[in-house]
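What follows is one structure encoded as structure tokens, with my remarks underneath.
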Amino acid sequence: GGARRTWTVGFGVSRSVAEALSLLLHEKAQLPAVAATPSGFRHGLVEASKAGDALVVFECVHEGPLLTAYFDRLAHEGQQVGLCMGWLTGQERAGEIIPLRAPTPAERVLEAVLRAQQVAHAAAHVAGTYTDGFTVLRAIVRPGDPFA
């Protein structure tokens, strides 16, 4: 919640979860967030990042050594820029880790979606932008309305 901007990245289905977190942070926590692939971030968006920004990397499907090396390089470059690194993964990495422990890739993706919702919820509390869902509902649906 204290980051100037949050960058969320992932490949394949992990990119979809990164997009979901970006949207949740923007809509629910009212925090600037941008989703991309790790490559898109490394070869362009990183230039718009600054120290204190957060980079959240989703790795829902365990890939081979090539992708592991790529993510290690991304983490190293992120630390050089001064980004706060966050990972939703089943592997140990430098930075804050939200472990994904589900046994199958499909279950890890579902677990990552749940964790993304929890991250957005916590970020909204830290940023002071949290609004209880029922408060929003009561503002939209008023007692006495014919549709209530």
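Observations on the structure shown:
- On Cα atoms only, tilt of 13-27 relative to the major axis of the chain in degrees: 40
- Based on alpha-carbon atoms, the Kirkwood radius and the radius of gyration of the range 1-63 give Rg/Rh equal to 0.96.
- Evaluated over the range 33-74, the Cα radius of gyration and Dmax, each in Å: 11.1, 30
- Evaluating kT/(6 pi eta Rh) at 4 °C and 1.567 mPa s, with the Kirkwood radius of the chain over Cα pairs in the Stokes-Einstein relation, gives 81 µm² s⁻¹.
- The share of Cα pairs per 5 Å bin across the range 80-133, counted from zero up to the longest distance, runs 5, 18, 20, 20, 17, 13, 7, 0 percent.
Read the figures in this text as sums done on the coordinates, not as results from a lab. Keep in mind that this is a model prediction, so the values were computed, not measured.
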